Structure formats: C-alpha cells, structure tokens
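Chemist: Here it is, the structure, as structure tokens.
The values are calculated or read from the model by the stated rules, or taken from the named source; none is laboratory data. Not measured: the values here are computed from a predicted model. We place every Cβ from the backbone using ideal geometry, glycine too, and count neighbours over all the protein chains shown.
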Amino acid sequence: MADSLRIQTVPHPFRFRENPDNSLNRLIVEAVNRMGEFGDDAEANYQTVLEALRQRSDEVVAIIAAEYRDLSEAQYLDRWSLVQLLVELRHPSSLSLLNEVLSNQIPEERSQDTDSFTTVGEEVMIKTTAVEALTQMSAQQNQDALDLLLRYTQHENFSIKRACVQGYLAYGGEGATERLLEFLPEQDRFILDIRREDVRNVPQPRGENYLRREESGDTPRLQTRRD
Amino acid sequence: MANCTFTVPDNNASGDNFYGQFICNQIYVDYFWNTYGFKGNKKYWDDGFGWDDPCNTNLPLGRTFNACYLLTYSAQDYTNDNWDAPQNILQWGRRYVRNNIDDLRSKCGDGSAIARAFPGGTVELYLGCFYSKDVPGRAETLIHEARHQGGKPHDAQFPKGSVFGEGKDGADSTWDYQGAWTFAAAYLWWFFAAGARTTSAMRQRARQRGNLVIDNAFARHPGFSI
C-alpha cells in the first residue's frame, strides 16, 4: 500500500536568537551548507568560507556554542555540523564547548529499531567528532586539549574511549603509551592495540559473490557543472 | 495507507542542495529510475514522495536520486566498476546495488526503522532515511540492504555496549564474514579515503559513521579503525 507525504521547509536549522543581525550568521549557514557540496570545486569553495570564519574565530565559536545549545536533541546532523565546524576552526576558545559536548550525558535510546537507526549512535558520532577537534588541537601542541583527551579515555562509551586513546597516542609525545597504561583500567588496555589503518591495508569486500543477477551497463557522463 | 508530514531545512550539512543541482537532468532521472530499482514502483514514489517533482531535493525521490548520484560518481575513475582488485567498493558499489535491489520503494514507516529488505529483491526506505541521513549515509543504507538482498544475512548478536543494541540479533560475526556491515563500513571508509568531488567535512562524516559501525556492529572487533 502506498503512503502520502506532506513537507514544510525552513531556510536553515538555526535561530540565531542572541544576535539575529550578526553578519557571521550567514557565513555559518553557508559553511554548514557547503559541507555537503559536490563537484570539482567543492573543497575549495568550502575552504573559502572557512577562511572567512577563521578571521573572527572567537566570535564564531561563541555563536556556534549558543546555536548548539539551542538545537533540539533530535537535530543530530545539525548538531554534528556545528561540532565539525569546531574541528575546522581549531580555536582554543572552543575547548569549553568541546568539554561540554563530551561531558553531557548521552540521552537514552529513542529508536525502537536500533540496528536500523540509533539515536545513541548519532550522539556518539557528535562526541567522536568533538574528540577529533581535540585531537587536531593537540596536534598544535595545545596541552589543555591533550589533557581533555586523556580525561575522556575513561568515557563509558567504547567508541569515544577508543577515539581518545588513539588521539592521545598520536600526539601525547614520549611516554604516552605508559601514561595510558597507568590511566586505563585493565579491561580497556586492549584498545591500545586497535590501530588506525589505511583502507588499502585491510581485507576488502568482494562484490562478485552473493549477487541476485549480473549485469552491467553504460553510465551517463559525469556532469559537475550546472548547464 | 499512512499519511506523514516532515519539516525540512533547506540549507544544512546533508549535501542535498549540491547533489540536487546535478540530478535535475533527464538523462540522470531516466538512468536512476531505470537502473536502481525505481522502475515499476511509481505508486510508491507518488503522492508527495516526489514522482512528479524529481528535481526537488526536499522530497524523498530527489534525496534518493542524490544517493544514486553519489554511488555512481564518487570514484575518481567512475567509468570503471569492475569487481577485480585493485578496484574497490567505492567503484563497484553502485553496480552491486543495481544488481541486487529489484524494487526500491518509499514509505512513511513507523518511526523506528529507516529501511528494510524483503525477500525477492524489495527494499523499502522510510522517512528517517530521507531526513535523518546525509547523502553518503543514504548510499551506505543502499549498500547495506543490497548485501542482504544478495543473500547474506546477519549471523551474530551485537557485542557488549553496542549502540545497535547489546545482545540483539543483527550483528556480523567478523569483518571477514563479508556481511552487510563490512560492506557498509568499507564503502564509508573508501569514501573517506578516496571520495572524489566532495569535501573534507563529508569525508570526516563518513569516517565517524564508519568507525561507529566498526566499533559496534561486529561480534568480534576487527582490531582496526578508520
């Protein structure tokens, strides 16, 4: 039986209630929108907007913090996109928000079919992206970011723990492994053996097995510019 | 029959705006409709789902076309979809989906699942797939469901602490089992490592989702991460 759908659209997910006329609001919306750009110039266009935001990183981080807190729990992709902006900005003033994102309790699972869609999984992706922001700042010798990585190696969620351990191992300098061995409970020390790997070095999926049928056809030429 | 409503933001990180400007071409509309399992399923894409407005990426059909476009054109050399190494799932993933999904249908769903595979090559997509997933995530869903249609079910329970539901059926035993989770994670991993004509942000998103799958969807952790 076929269903029926009606949608309503809004211009973007944010409200900018604290300062609706700030010119940075438009740039933040554009940066978030261009995260999903496709085409030969996609990355260059995205970086151009980021560069404009980096000129006023302090102010931008403050707006991101306000908007992040204003979004509803269910706006997982929108909350993720703001944390991803913090990854790109790598600005010390974002440490407070990153700490807040990581320390917030993960709400209970909202989905009833978790192997299809898991809200806890969405929350974890937001938090592991916050860990990536800390990792990038640790790469720039930010000791506070490195300390937060170490602290959240004790997070209750496995993926967050694993991401923190890998970030700390990468930029914790001499003795990082020994400090983690002291810090981690015995049952978590196996995480030290989980390696970040190049996809070319892992066993590859084999597509030619388990096929309902085998057919190939011509593919239309790629178009990356609007006619 | 169900009636559903949804509020869609025009400008967010899903990627729909940008993929959307390319799918609006009759060559692609025909190609996707005829090869990705839409053909013969008009009634499931009608009545608000986009059949009469395929360029509108606020609607499910346009959003699914966006995923088809990503599947088709994200490898640098998109003309080569051979199975043999050194080709990888970023290149032949689109062929695998086309060969395994006969009927691709959209429905409101009950708010729990985002997609389901049924015996005989039918895959249903629900509102969460169109509006909770970004474009690479929708492509991942098609890859995952195509693997089930190819005849590879899950064979294990999710591990302790898994976000997919500790102890529930639906996991793959190992990476080498070559199940739907391996296919999904590997597609995201290749998109992160070698996805063409996209942004570093979308690749980072694919990395985070791929790691979530690797950490939580295998009864025995593969021992590596992205």
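Chemist: Here are some residues: A:Gly217, A:Gly207. Which one is at the interface with another protein chain (Cβ under 10 Å from one of its Cβ atoms), crowded, with 19+ Cβ neighbours inside 10 Å and at pLDDT below 95?
Modeler: A:Gly207
Chemist: Would you say A:Asn157 is touching a residue at least 40 places away in the same chain (Cβ under 8 Å) and within 22 Å of B:Ile214 (Cβ to Cβ)?
Modeler: In short, yes.
Chemist: If the requirement is being more than 12 Å from B:Tyr36 (Cα to Cα), facing chain A (nearest Cβ under 7 Å) and either surrounded by fewer than 24 Cβ atoms within 10 Å (Cβ to Cβ) or within 13 Å of the chain's Cα centre (by Cα) (or both), which of these qualifies: B:Tyr96, B:Tyr78?
Modeler: Just one listed residue meets the conditions, B:Tyr78.
Chemist: So for the range B:111-119 (the condition being surrounded by fewer than 18 Cβ atoms within 10 Å (Cβ to Cβ) and more than 24 Å from B:Arg98 (Cα to Cα)), does at least one residue qualify?
Modeler: yes
Chemist: Any residue in the range A:92-106 that is under 17 Å from A:Ile194 (Cβ atoms) and not assigned by TED's automatic domain parsing to the domain that holds A:Ala31?
Modeler: No - not one qualifying residue is present in the range A:92-106.
Chemist: Checking the conditions here, which among B:Ile143, B:Ile101 is over 10 Å from the mean Cα position of the chain (by Cα) and modelled with pLDDT of 95 or more?
Modeler: Only one candidate passes the filter, namely B:Ile101.
Chemist: Restricting to the range B:36-58, and then to whatever is facing chain A (nearest Cβ under 10 Å) and buried (at least 20 other Cβ atoms within 10 Å of the Cβ), can you tell me which residue is farthest from the chain's Cα centre (by Cα)?
Modeler: Per the criteria, the residue is B:Gly48.
Chemist: For a quick check of your reading: which helices (runs of 4 or more DSSP H) sit entirely within the range A:15-117 and have at least 2 residues that are at pLDDT 95 or above, of a type outside the set (A, V, I, L, M) and under 16 Å from B:Asn11 (Cβ atoms)?
Modeler: In the range A:15-117, A:23-34, A:42-54, A:76-89 are the helices (runs of 4 or more DSSP H) which contain 2 or more residues that are at pLDDT 95 or above, of a type outside the set (A, V, I, L, M) and under 16 Å from B:Asn11 (Cβ atoms).
Chemist: Now a separate question. If you take the residues of the range A:142-163 that are under 20 Å from A:Leu89 (Cα atoms), in contact with a helix residue (DSSP H, G or I) (Cβ under 8 Å, 6 or more places away or on another chain) and away from chain B (no Cβ under 14 Å), which of them is surrounded by the fewest Cβ atoms within 10 Å (Cβ to Cβ)?
Modeler: Looking at residues that are under 20 Å from A:Leu89 (Cα atoms), in contact with a helix residue (DSSP H, G or I) (Cβ under 8 Å, 6 or more places away or on another chain) and away from chain B (no Cβ under 14 Å), I get A:Asp144.
Chemist: On the given criteria, is A:Val32 at the interface with chain B (Cβ under 7 Å from one of its Cβ atoms) and in contact (Cβ under 8 Å) with a residue 24 or more places away in the chain?
Modeler: Here the answer is yes, as A:Val32 does meet what is asked.
Chemist: Here's a check for you: in the range B:133-171, which residue that is in a helix (DSSP H, G or I) and out of contact with any helix residue (DSSP H, G or I) (no Cβ under 6 Å at 6 or more places or on another chain) is farthest from A:Phe38 (Cα to Cα)?
Modeler: Among those residues, the one meeting the criterion is B:Glu145.
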